[in-house]
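Chemist: Mind having a look at this structure? Questions to follow.
The values are calculated or read from the model by the stated rules, or taken from the named source; none is laboratory data. Please read these numbers as outputs of a predicted model, since none were measured by experiment. Backbone-built Cβ (ideal geometry, glycine too); neighbour counts: all protein chains shown. For the accessible areas, the whole protein counts, side chains as well, though only heavy atoms, and no ligand, DNA or RNA atoms are used. Shrake-Rupley method; radii C 1.70, N 1.55, O 1.52, S 1.80 Å.
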Amino acid sequence: LALPRLIAVGKNRRWDRGLVAGWEELLAATPEIPRGRLQYGGPEALPVILPGDQLVPAADMSGCEAYVLPWSQGKPHYQLNAQQTELYAVWPAKLVLRGEAERDRALRSYRDRLFQHTFHAWDLDVVFAACLGLREEVALWSDKHFARTFVLPCGLARETAQNNPAAPSLPECPSMQGMGTGVIPALEMLLQDYPDELIVLPCWPENVP
């Protein structure tokens, strides 16, 4: 997302040609967004990326780490990032939102995501929903994602205590956790920015004046 902006600004302001050329080379070398279909058979089986066109966490899962945990009885436990990493192309990267085919792919990926509304610390379900224009989904889940967070009148938020007894997985120190699950979705539904355009009210219904 950043490189096209840097290249455009650099050319417009006539910055050092070598610098701009380096950004162009880096952009050309950037790999495609991983696509396929994630097959997850539980913590004891290595996940597999099957052929498909949805957004997936990685091109393949050969590097997925396994741990032997005290309660796993000596069996490997494959640790996946439960923060829906496959949807980072939707936000914050915003790489798949404008073309109709890409939006359809992103929407199907959101609906089929492995971890859904897990309410563990940094959870961005409602942000992805807002980026995809799913107003009803945001309205349904926003308060639930915010339930364990203290919200200031200005909209900023933090955890209610050093160790939240209702959700031990929340950070021990106060943080801006609520910015992800409460404020960003509202902003994304008001304005979305891209390297070459701004979209005002991207989720406004076409049939509403």
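Chemist: Mind telling me which of the residues PRO34, PRO51 ends up being without any contact (Cβ under 8 Å) to a residue 60 or more places away in the chain and open to solvent by less than 70 Å² (accessible area, probe 1.4 Å)?
Modeler: Values: PRO51 fails: open to solvent by less than 70 Å² (accessible area, probe 1.4 Å).
Matching residue, one of PRO34, PRO51: PRO34.
Chemist: Follow-up. Only residues that are assigned to a loop (DSSP other than H, G, I, E, B) and either out of contact with any Cys (no Cβ under 8 Å at 6 or more places or on another chain) or closer than 15 Å to GLY52 by Cβ (or both): list them for segment 85-99, please.
Modeler: PRO92, ALA93, LEU95, VAL96, ARG98, GLY99 - these are the residues of segment 85-99 that are assigned to a loop (DSSP other than H, G, I, E, B) and either out of contact with any Cys (no Cβ under 8 Å at 6 or more places or on another chain) or closer than 15 Å to GLY52 by Cβ (or both).
A quick yes/no check of all residues on (1) at pLDDT below 75; (2) β-branched (Val, Ile, Thr); (3) assigned to a helix (DSSP H, G or I); (4) surrounded by 12 or more Cβ atoms within 10 Å (Cβ to Cβ):
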| site | (1), (2), (3), (4) |
| --- | --- |
| LEU140 | no, no, yes, yes |
| PRO168 | yes, no, no, no |
| PRO174 | yes, no, no, yes |
| MET179 | yes, no, yes, yes |
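Chemist: Quick check: is even one residue across segment 59-81 of a type in the set (Phe, Trp, Tyr) and either within 28 Å of PHE128 (Cα to Cα) or in contact with an Asp or Glu (Cβ under 7 Å, 6 or more places away or on another chain) (or both)? Steps first, answer last, please.
Modeler: As a first pass, look at segment 59-81 and keep what is of a type in the set (Phe, Trp, Tyr): 67, 71, 78.
Those still in the list that are either within 28 Å of PHE128 (Cα to Cα) or in contact with an Asp or Glu (Cβ under 7 Å, 6 or more places away or on another chain) (or both) too: 78.
Yes, because at least one residue in segment 59-81 is of a type in the set (Phe, Trp, Tyr) and either within 28 Å of PHE128 (Cα to Cα) or in contact with an Asp or Glu (Cβ under 7 Å, 6 or more places away or on another chain) (or both).
Chemist: Please go through segment 54-83 and give me each residue that is touching a residue at least 40 places away in the same chain (Cβ under 8 Å) and part of a strand (DSSP E or B), ordered by number.
Modeler: Result: GLN54, LEU55.
Chemist: Next question, about the same structure. Can you tell me which residue is nearest to ARG37 (Cα to Cα) among those in segment 100-138 that are part of a helix (DSSP H, G or I) and open to solvent by 60 Å² or more (accessible area, probe 1.4 Å)?
Modeler: The residue in question is ARG108.
Chemist: Sort out which residues of segment 7-47 are part of a helix (DSSP H, G or I) and among the basic types (Lys, Arg), and write them in order of number.
Modeler: LYS11, ARG17
Chemist: If you don't mind, there's one more thing I want to ask. For MET189, which of the numbered conditions (1) at pLDDT 85 or above; (2) in a helix (DSSP H, G or I); (3) open to solvent by 30 Å² or more (accessible area, probe 1.4 Å) fails to hold?
Modeler: In the conditions (1) at pLDDT 85 or above; (2) in a helix (DSSP H, G or I); (3) open to solvent by 30 Å² or more (accessible area, probe 1.4 Å), MET189 misses (1) alone.
Chemist: Please count how many residues of segment 54-82 are open to solvent by less than 40 Å² (accessible area, probe 1.4 Å), of a type in the set (Gly, Ala, Ser) and more than 21 Å from the chain's Cα centre (by Cα).
Modeler: Number satisfying all stated conditions: 1.
Chemist: Can you name the residue in segment 8-31 that is hydrophobic (A, V, I, L, M, F, W, C), at pLDDT 95 or above and open to solvent by less than 70 Å² (accessible area, probe 1.4 Å) and is also nearest to the chain's Cα centre (by Cα) among such residues?
Modeler: TRP23
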